[in-house]
Every structure is written in C-alpha cells, then in structure tokens.
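Everything on this sheet refers to the single structure shown next.
Coordinate-derived values only; no laboratory data. Note that the structure is predicted; figures quoted are calculated from it, not measured. We place every Cβ from the backbone using ideal geometry, glycine too, and count neighbours over all the protein chains shown.
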Amino acid sequence: MDAMVLKKPGSPLEWVQFPERQPGAGQIRLQVTACGVCRTDLHVVDGDLPALKLPIIPGHEIVGRVDAIGAGVEGLRLGERVGVPWLGYTCGSCAYCTSGHENLCDHPLFTGYTRDGGFATATIADARYAFALGEVGDDASIAPWLCAGLIGWRSLAIAGDGNKLGLFGFGAAAHIVAQVADWQGRSIFAFTRPGDLAGQEFARNLGAVWAGGSDEIPPAELDAAIIFAPIGALIPRALKAVRKGGRVVCAGIHMSDIPSFPYQLMWQERQLVSVANLTRRNGVDFLRLAPQIGLKTTINRYPLRQANQALADLRAGRFNGAAVLVV
C-alpha cells in the first residue's frame, strides 16, 4: 500500500510505501477510493492537537471497499462500500460508553490522528466504526459526509430546534448543514471571512436567507449559532447575535484562545456549549437521511499524491465546499 505520511508536525506529508497490512480481530481492511480533507487534518499536520501518534497517516473522511475481514466481524461483506469517520474506536466499558455517550469515551482512538487514516490506498478500520454506504452516489462526493456532515449533524441537534440559525465559517461542514437546515424549514444566516463575497454568494445559493462577513450584525436575532471556524474571537460575536435564551455551539476540535468578554453577552440564559466527536447512532441517522434530503456536496478533487496541495488550498481558503483526495 502507498500513503501520504506525517513524520513531524509542521512538515509536508511524505509519500511512503508499506507492505500490505492485515486486519486483526474485529477489524476490516479497505481499499480506499476517496478521502476528504478536513480542517482537523490541518490541526493534526500543524501539531495543534496533543498526544499525536507519529508517524501518522492523516485522513478521517474515508470511503472504500472492504477487501479483507478479520475474525469475529459480522454484518459486513467483501466488496461492500463503507465509510470510516473520525471516531475510530471506543473501549465500550467506561462510564461514558455504557451510558450512551461513547463520543466521550475515556480510551478512544481517532482515525488519522491516533490510528492511521485514509490518505492512503488502503487502511485498517474497526468494523464497529465502519458505516455501510450502499451504492447510491459518487464516492468522492460522499466522503465529506463522514466528518463535515456528521459533526454538522450533531451540532445541529445540539443547537436545538430554533428557526433562525447562524453558521460561522461557511466551509465543508456548514455547506452541508445549511442544506439539512433548509430542508428542515429553518432560516440560515451565513457568516464568512470579511470581504469573502464569493463565499457569501455560495451560501445564498445553498439557501441562506442572509450572508455577510463575521464582523457584520445579522438583520435578525438568531435562535442559535454554530461556529465551525477555529477562531475564538467569534464566540463573543456569536453570543451578541443570539437572542435571550439562545445557544452558541462550538463545533471544532481546536480553536484559538477566546478573548475576554463582558458577562452581559451571556446573561439572560444564553448558552455556550461544545461538540465532541460523534456516536454511531449519529452516523446511522445522518447517513440514512442524507439521500432523502438530496445532499449535494461541492467538492474539489485532488490525486492522493497532491495531499499537501489540498491542505495548503484549504488553509488559504482557495475553494468553496470540501477538498477530497481521489485514490
């Protein structure tokens, strides 16, 4: 197998050839067909996250075909198309796992961070965390669903059922969530980088009733806001934009420091919460619903060997939608 490997944080990924790996008990091997490039991959590559396993193959929005099955695996078959998300393993025995909160497991493994991911021609995955995808849809278009879609879905649920929803950072996750929220009959208010007129037009084309820079005040009070951009300074802006009793959801795994802000912005029962990872139930629910909604992901395709270019383009905001490595 071939892979793009991170050997040192802050350095470019390197093309490396490995002997073919075999799945262990409870595992499957996939021949990867597509892998999305997520902003979390940037945090991995840059060394923003603690306890990074090195060397590591990044990538956690994986679509592929099962070509080997380890002992004890049930419910998956050779040749089946499956998706592998960020949360790649949980212990199943800690207090969080046994109480329905496996996304907060005390002993997890994360795909492309603490276990090898999908910037490769093949990968090994825990069969419990491989979702059957069926045969409808293009592999590359589905890949962003495995993180941008799933985290967006969980964030949307935690944001509550209010009608007026703000999305700060209109990238891969927000462009999927906007379609889900529009399908639910909500009104979307999109916040982009200041001056990003193309991004604002992109948001309006996906159903946003208003789009502007993150430094602007929306024309109506929001019931809730989801922050996808990893910028701590957006938190007081989002709190200022939501109504009394409104909720601000931080959806990223990493964020720059939050500046001090007056208590008045949180008073009157405004809430600030975070989202961590996902549960398998989140995955099953979202992946069952996505085809019914008719989700259309805007993707920018790169060959596997151009993973560094895809990461650089994501960092610089050179495209709308999502980047996907096609294997």
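For the chain, the relative contact order is 19 percent, taking Cα pairs closer than 8 Å that sit 6 or more residues apart in sequence and dividing their mean separation by the residue count. Taking amide H positions as modeled 1.01 Å from N, with prolines and chain starts lacking one, the residues under 5 Å from residue 256 and 5 or more places away or on another chain are 231, 232. Where does the Debye-calculated log10 I(q)/I(0) of the range 88-153 sit at q = 0.29 Å⁻¹, using only Cα point scatterers of equal weight, no solvent? The Cα Debye sum returns log10 ratios of -1.35. Multiplying the residue separation of residue 25 and residue 74 by 0.36 nm and subtracting their alpha-carbon distance yields 16.5 nm. For the chain, lysine pairs with C-alpha atoms less than 24 angstrom apart, excluding pairs fewer than eight positions apart on the same chain, total 5. Descending by average beta-carbon neighbour count within 10 Å, the peptides 221-228, 125-132 line up as 221-228, 125-132, the highest first.
What number, in nm² with one decimal, is the all-direction average of the projected area of the convex hull of the alpha-carbon atoms of the chain?
Its Cα hull, projected and averaged over all orientations, spans 15.9 nm².
Computed 3J(HN,Hα) for the range 53-62, one whole-Hz value per residue from the Karplus formula 6.51 cos²θ - 1.76 cosθ + 1.60 where θ = phi - 60°, is 7, 10, x, 9, 9, x, x, 9, 10, 9, glycine and proline marked x. Highest mean packing comes first when the peptides 166-177, 189-200 are listed by Cβ atoms within 10 Å, giving 166-177, 189-200.
Loop-located trypsin sites (Lys or Arg not before Pro) across the range 130-186 with a Cβ neighbour count of 12 or fewer within 10 Å are lacking, with loop assigned by DSSP.
For residue 160, no residue has an amide H sitting under 5 Å from its own, ignoring neighbours fewer than 5 places away on the same chain, with H placed 1.01 Å from N.
If R0 is taken as 25 Å, the Cβ-Cβ distance between residue 316 and residue 296 corresponds to a FRET efficiency of 0.55. Normalised by 2.2 N^0.38 Å, where N is the number of residues, the alpha-carbon radius of gyration of the range 149-274 equals 0.94.
Between amide H atoms placed 1.01 Å from N, distances below 5 Å from residue 88 occur with 109, 110, 111, all of them 5 or more places distant or on a separate chain. Annotation note: trypsin sites (Lys or Arg not before Pro) in the range 42-95 located in DSSP loop regions with a Cβ neighbour count of at most 13 within 10 Å are 77.
What is the distance in Å between the Cα centroid of the range 1-68 and that of the range 148-168? Measuring centre to centre over Cα atoms gives 28 Å. How about the range 251-327: which trypsin sites (Lys or Arg not before Pro) there lie in a loop by DSSP and see at most 15 other Cβ atoms within 10 Å? Qualifying residues, ordered by number: 296, 318.
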